[in-house]
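Participant: The structure is given below, and queries will be raised subsequently.
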Amino acid sequence: MKTSKIILLAVGALMIIGFFAGLLLLRNGVQLLYNNDPLASRYREVKVNAFERLDISSRWIVKIRQGKECHIESTFDKKSPGGPTIENINGTLCFRVDTTCAETHTDSFFVRITMPVLRSVKASKGSDITITDFMGDSLLVTLEDGCTFTGMNHNIKYVTFKTSGENTLNITKIY
């Protein structure tokens, strides 16, 4: 009986060691993937007041999720002259690009937004908007001139879409 207890304890200890070794390997793999993302280190916080609406023009790639506070991170350098601007105008967060900057800058600008309430999104000129894990009462989405809107895992009771031009809508897992 004494030998069987020792064997059981040894097997249990080996299983626990194996479990923690697997967790460490998984953690290292996730960190390696994160470090290989070239945009992950380029995001910088943008300070703005609380907002409930978004107005996006030009080639912005915007990821929106719900959170307790308004928080914005972007990859562009806000000190560059004539470059893109993000400003809050009466509760509407406006994303703008100067026309000369838009002509010379062919890449997209990346933005991550966390906000508690989203009332409306207006996008134009090739913006790409992704909303994930969002709950709300109603949402108005206006798309113009080649925009893409993706909504995943959200619970919004009433969503209204207004589109003009060639746009793409991808809606999945509405609760």
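The values are calculated or read from the model by the stated rules, or taken from the named source; none is laboratory data. All of these numbers come straight from a predicted model, not from anything done at the bench. FYI the Cβ positions are ideal-geometry reconstructions off the backbone, even for glycines, and counts take in every protein chain you see.
Participant: With the requirement that a residue be modelled with pLDDT of 90 or more and over 20 Å from the mean Cα position of the chain (by Cα), what does the stretch 96-113 give you?
Facilitator: Just the residues of the stretch 96-113 that are modelled with pLDDT of 90 or more, to begin with: 111-113.
Scanning the stretch 96-113 gives no hits.
Participant: If you don't mind, there's one more thing I want to ask. Tell me, yes or no, whether the stretch 28-45 has at least one residue that is β-branched (V, I, T) and modelled with pLDDT of 90 or more.
Facilitator: no
Participant: Tell me, which residue of the stretch 136-162 that is modelled with pLDDT of 90 or more and loosely packed, with under 15 Cβ neighbours inside 10 Å is farthest from I64 (Cα to Cα)?
Facilitator: My answer is K162.
Participant: Also: Could you tell me how many of the residues in the stretch 141-161 are in contact (Cβ under 8 Å) with a residue 24 or more places away in the chain and within 17 Å of the chain's Cα centre (by Cα)? Don't jump to the end; show me each part of the working.
Facilitator: Within the stretch 141-161, the first condition is being in contact (Cβ under 8 Å) with a residue 24 or more places away in the chain, and the residues that meet it are 143, 147, 149.
Add one more test, that the residue is within 17 Å of the chain's Cα centre (by Cα), and what stays is 147, 149.
Of the residues in the stretch 141-161, 2 are in contact (Cβ under 8 Å) with a residue 24 or more places away in the chain and within 17 Å of the chain's Cα centre (by Cα).
Participant: Would you mind telling me which numbered condition in (1) at pLDDT 70 or above; (2) surrounded by fewer than 18 Cβ atoms within 10 Å (Cβ to Cβ); (3) more than 15 Å from V121 (Cα to Cα) T75 fails?
Facilitator: Exception for T75: condition (2).
Participant: Looking at this structure, is L93 under 19 Å from T168 (Cβ atoms), part of a strand (DSSP E or B) and either modelled with pLDDT under 95 or aromatic (F, W, Y) (or both)? Steps first, answer last, please.
Facilitator: Values: under 19 Å from T168 (Cβ atoms): no; part of a strand (DSSP E or B): yes; either modelled with pLDDT under 95 or aromatic (F, W, Y) (or both): yes.
No, not satisfied.
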